[in-house]
Each structure stands twice: as C-alpha cells, then as structure tokens.
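Right, one structure below, let's go through it.
The values are calculated or read from the model by the stated rules, or taken from the named source; none is laboratory data. Since the structure is predicted, the reported quantities are computational estimates derived from the model, not experimental observations. Cβ placement follows ideal geometry from the backbone for every residue including glycine, while neighbour counts extend to all protein chains displayed. Protein only, heavy atoms only, side chains kept; ligands, DNA and RNA dropped before computing areas. Shrake-Rupley method; radii C 1.70, N 1.55, O 1.52, S 1.80 Å.
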Amino acid sequence: GIRPTSPTGGTRHAEVAGAGFAGLTVSIALARRGWTVRLHEQNDQVRDFGAGILLWRNAMLALEVIGVAGAIRANGVQPGTYDTSLNGDPVSSELAGYPYWAITRPKLHALLVSAAREAGVEIVTGSRAVGADPSGALLLADGARLAADLVVGADGAGSVVRNSLGELTQERKRYQDGVCRVLIPRPEEFQGPEWDRVIDFWTLEPDPMRILFIPTGPDTIYLGMMATTTNERASRIPIDVEVWSKRFPHLATAVELAGRAEGGRHDSYQTNRVTPWSTGRAVLVGDAAHAMCPALGQGASVGLVNAVELAHTLDQYDEIGEALAVWEQRERSMTDAAQARSAYMAETRTLAKGNGFTPEVMETANFVLSSATPEIEA
Ligand code: 5PR
C-alpha cells in the first residue's frame with residue numbers, strides 16, 4: 001500500500017505513553033511499518049507485575065501480524081478444554097480444540113519488550129506522561145513537550161493522557177466483584193498434559209467465591225480467585241489461606257501455595273467506555289480506551305487487536321484524522337460488545353452455569369482483523 005510520510009516530509013513519528021501490553025504492541029506495529037516510535041514508561045523498569053493471561057484467537061492473530069505469536073506458542077500452554085465445576089461437581093467442558101493460549105504476564109511482557117527493541121522502538125523509562133495535545137504533542141511530567149505525527153495514550157484504565165483530553169467522554173461503571181490474581185509454582189498433583197486445561201471452580205453459597213485454574217507453563221499455574229469485594233477476607237493479598245481452603249478443600253495444595261505467592265494483586269471489576277477514542281492526533285489504545293470486566297478474559301486480547309489494527313489503518317490513509325475515524329469504525333462495535341458481554345457475565349455470573357461460551361460470546365475471540373492476511377487467517 002501507500003506509505004505516507006509526515007506533513008514535514010520525513011518518516012512519520014509516534015510518541016507513546018505506557019509500556020504495557022497495548023503500548024508495546026502499537027509501538028511494535030508502527031515501527032514495523034516504518035514509523036519512528038518513542039515509548040515512555042513511568043516506572044524505572046519495563047516489566048509486568050501481574051500473574052497470568054489468556055490470549056484468544058483474536059489476540060493470536062494480532063500477535064501473528066507483529067511476529068510474536070510463535071514465541072507465545074513456544075512459551076505458553078494451549079489449554080485442551082475450558083471446564084466448569086459448581087460445588088465440586090463437573091458442569092460442562094467447552095472449547096476443545098479452540099485456538100487459545102495461556103501464558104504468564106511477565107513472559108508475555110518480556111516477549112513484547114524484545115520484539116519492540118528488535119523493531120527499533122526507543123523505550124524510555126522513568127518518563128511520566130501527564131497529557132496530550134491533540135495538535136500533536138505528548139506532555140511529560142518534567143515539562144517536556146514532544147511533537148509527533150501521532151500521540152498514543154496507552155497508560156491503562158486510569159489513563160492520565162485520556163483525562164487530559166476534555167473532548168472525550170467517559171461512562172464508568174464499577175461492579176461488586178473483585179479478583180485476586182496470583183502465580184503459583186505448579187505442584188506435583190497438577191503435572192502432566194491432562195492438567196493442561198482451564199478449570200473454573202465455582203461456589204455461590206453463602207456468597208460467590210470462585211477459583212479459575214489456568215496452567216501457564218510446565219512450572220506455573222495462574223489462579224484467579226474471585227469474590228465480592230464485600231467479602232473482605234477473600235479480597236485480601238496475600239491470599240487468606242483459611243477462608244479459601246475452607247471453601248475449596250480439594251484445592252488445599254494450590255491455596256497453600258497461593259498464600260505464599262509473591263507479587264499477587266487484587267483488582268475490582270470496572271468498565272470505562274470512552275467516546276470517541278481519538279481527538280486530532282491523540283489516540284487511546286488498550287484499557288485507557290476500553291477497560292472491561294475480566295469475566296471473559298478478553299481485556300488484553302481486544303487491546304492487542306485494536307493496537308495492531310490502528311497501525312494497519314494508519315498505513316492505508318494519507319490523513320491521520322481519516323485513518324483514526326476508519327479505525328474506530330472498524331473496531332468500535334466489536335469492542336462495545338466485548339465490554340457489554342463481559343459486564344453481563346460478571347453481573348449475572350452466567351459462567352457458573354457452564355456452557356457459557358456460546359457462538360455469540362465467542363464473537364470477540366473470532367473477530368476477523370483487517371490487518372490479518374489470508375495466510376495468517378489460515
Ligand atoms: N477469565 C480470566 C480471568 O483472568 C478472570 C476472569 C475470567 C482469564 C479474572 O481475572 O471472570 O474474573 C473472571
């Protein structure tokens with residue numbers, strides 16, 4: 001296609017705020033299309049502090065486009081099935097053969113960082129963004145004003161870049177559930193390929209408590225431990241071993257390990273719908289644009305898709321504003337639907353009944369990317 005140049009005549013330049021999954025992905029995708037990219041991370045190190053993550057078919061296609069999918073397959077686990085159990089009794093087994101992957105967040109992050117470096121992205125640590133100027137500049141805490149053809153806010157659910165842009169409206173909603181997420185060493189009793197599956201252990205009485213069991217490699221298991229935030233003991237980090245093992249006696253070994261895990265975190269469920277996603281030359285990607293409930297494990301996947309699609313669409317149009325409008329048009333309804341469905345699943349706890357991955361729910365995971373070539377789709 002056409003490779004448009006900057007209004008100043010040279011290579012197009014992007015300044016990106018936030019070296020999380022979405023910020024790294026959009027940076028890699030732009031750099032691989034010939035842009036110069038500077039990526040700012042406010043922390044002194046580029047690393048991820050989280051536990052594990054699911055990458056659905058949509059995310060794997062996006063990662064294929066930027067050349068990272070092979071490394072995910074080499075370092076992650078393809079779960080055989082997604083099994084649901086209620087009060088210890090099996091309810092359903094779904095997604096056999098479906099192409100989705102589980103990996104630790106630190107590993108995914110490290111793979112994206114090395115791909116970014118390989119693509120020529122300049123990563124600056126200890127660099128805190130405080131806002132964006134839609135005419136084309138990223139504003140930093142140290143007073144710097146960095147001019148760019150495109151300014152990207154990829155600074156997460158609490159996005160400061162987004163909040164600096166008064167033209168964008170936000171609809172926020174908080175929910176009653178929260179989740180403790182920890183990574184544990186994989187114990188003997190869960191070794192072997194028969195345990196390479198996702199198991200969603202639900203209990204609903206007297207209040208909902210759930211353990212989502214996701215193997216992320218030969219040595220690690222990701223546990224998502226959900227409870228209502230009013231259940232204060234079940235919402236604590238470090239994990240309260242007594243309260244969790246009483247509810248899940250058959251998972252006592254895993255719960256013990258969770259109690260000793262370092263680096264776990266608790267997050268409460270929330271949605272933030274932002275409209276539009278861009279103004280002038282400033283654009284949002286990832287949780288800054290569309291934070292969603294984790295109930296379908298689609299938050300990061302949708303962020304990666306939209307980041308890769310953004311770079312692709314910018315390549316198709318001479319004018320940045322036109323490209324941003326077309327991009328949002330392509331991604332908006334899929335993203336809105338993902339936010340609405342995961343909020344519904346969280347509010348109704350529909351997944352506890354089993355057979356939750358209906359064709360309608362799977363629309364997000366099956367989204368066809370404009371940037372995925374027929375070879376990639378195959
Ligand atoms: N799916 C995934 C997940 O991490 C969580 C949920 C569902 C992959 C929690 O973090 O329902 O809360 C959920």
**Request:** Among the numbered conditions (1) within 17 Å of the chain's Cα centre (by Cα); (2) touching a residue at least 40 places away in the same chain (Cβ under 8 Å); (3) open to solvent by 10 Å² or more (accessible area, probe 1.4 Å), tell me where ALA340 comes up short.
**Result:** (2)
**Message:** Quick check on this structure: which one of ALA132, ALA116 is among the hydrophobic types (A, V, I, L, M, F, W, C) and part of a helix (DSSP H, G or I)?
**Reply:** ALA116
**Fill in**
The residue from VAL130, VAL121 that alone is touching a residue at least 40 places away in the same chain (Cβ under 8 Å) and β-branched (Val, Ile, Thr) is VAL121
**Prompt:** Quick one: would you say SER333 is open to solvent by 40 Å² or more (accessible area, probe 1.4 Å), among the hydroxyl-bearing types (Ser, Thr, Tyr), more than 16 Å from the ligand (Cβ to nearest atom) and assigned to a loop (DSSP other than H, G, I, E, B)?
**Reply:** no
**Message:** Any residue at all in the range 121-141 that's open to solvent by 40 Å² or more (accessible area, probe 1.4 Å), assigned by TED's automatic domain parsing to the domain that holds ASP44, more than 17 Å from the chain's Cα centre (by Cα) and polar (S, T, N, Q)?
**Reply:** yes
**Fill in**
Of (1) closer than 24 Å to LEU296 by Cα; (2) hydroxyl-bearing (Ser, Thr, Tyr); (3) assigned to a helix (DSSP H, G or I), SER245 satisfies every one except (1)
**Asked** For the range 79-113, what are the residues that are surrounded by fewer than 17 Cβ atoms within 10 Å (Cβ to Cβ), part of a loop (DSSP other than H, G, I, E, B) and touching a residue at least 60 places away in the same chain (Cβ under 8 Å)?
**Response** THR81, ASN87, GLY88
**Asked** What residue, of PRO193, PRO206, is open to solvent by 60 Å² or more (accessible area, probe 1.4 Å), away from the ligand (no atom under 14 Å from the Cβ) and at pLDDT below 95?
**Response** PRO193
**Request:** Would you be able to say whether some residue in the range 58-79 is among the β-branched types (Val, Ile, Thr), within 12 Å of the ligand (Cβ to nearest atom) and closer than 26 Å to MET209 by Cβ?
**Result:** no
**Asked** Which of the residues belonging to the range 148-162 are touching a residue at least 24 places away in the same chain (Cβ under 8 Å) and among the small types (Gly, Ala, Ser)?
**Response** ALA148, GLY153, ALA154, GLY156, ALA157, SER159
**Request:** Determine if the range 18-27 includes at least one residue that is open to solvent by 10 Å² or more (accessible area, probe 1.4 Å), assigned by TED's automatic domain parsing to the domain that holds LEU111, at negative phi and within 16 Å of the ligand (Cβ to nearest atom).
**Result:** yes
**Fill in**
Residues of the range 289-328 being open to solvent by less than 10 Å² (accessible area, probe 1.4 Å) and in contact with a Lys or Arg (Cβ under 6 Å, 6 or more places away or on another chain), in sequence order, are ALA311
**Request:** Scan the range 61-75 and report the pairs whose first residue is farther than 17 Å from VAL302 by Cβ and whose second residue is open to solvent by 10 Å² or more (accessible area, probe 1.4 Å) and of a type outside the set (A, V, I, L, M), with Cβ atoms within less than 7 Å and a gap of 6+ or a chain change.
**Result:** ARG73/TRP101; ASN75/LYS107
**Complete:** Checked GLY356, GLY286 against criteria (surrounded by fewer than 24 Cβ atoms within 10 Å (Cβ to Cβ) and either away from the ligand (no atom under 16 Å from the Cβ) or at pLDDT 95 or above (or both)); the one match is GLY356
**Prompt:** Within the bounds of the range 4-13, is there any residue that is modelled with pLDDT of 95 or more and of a type outside the set (D, E, K, R)?
**Reply:** yes
**Out of THR228, THR220, THR253, sole residue that is closer than 23 Å to LEU296 by Cα and either surrounded by fewer than 16 Cβ atoms within 10 Å (Cβ to Cβ) or within 14 Å of the ligand (Cβ to nearest atom) (or both)** = THR228
**Item:** Meets criteria (open to solvent by less than 10 Å² (accessible area, probe 1.4 Å), farther than 30 Å from VAL151 by Cβ and within 16 Å of the ligand (Cβ to nearest atom)) for GLY263
**Value:** no
**Item:** Qualifying strands (runs of 3 or more DSSP E) (wholly inside the range 187-241; at least 1 residues being of a type in the set (Gly, Ala, Ser) and within 23 Å of TYR82 (Cα to Cα))
**Value:** 220-228
**Complete:** A careful count of residues in the range 165-190 that are out of contact with any Pro (no Cβ under 8 Å at 6 or more places or on another chain), away from the ligand (no atom under 16 Å from the Cβ), touching a residue at least 12 places away in the same chain (Cβ under 8 Å) and open to solvent by 50 Å² or more (accessible area, probe 1.4 Å) gives 6
**Any chance ASN43 is of a type in the set (S, T, N, Q), in a helix (DSSP H, G or I) and more than 20 Å from GLN316 (Cα to Cα)** = no
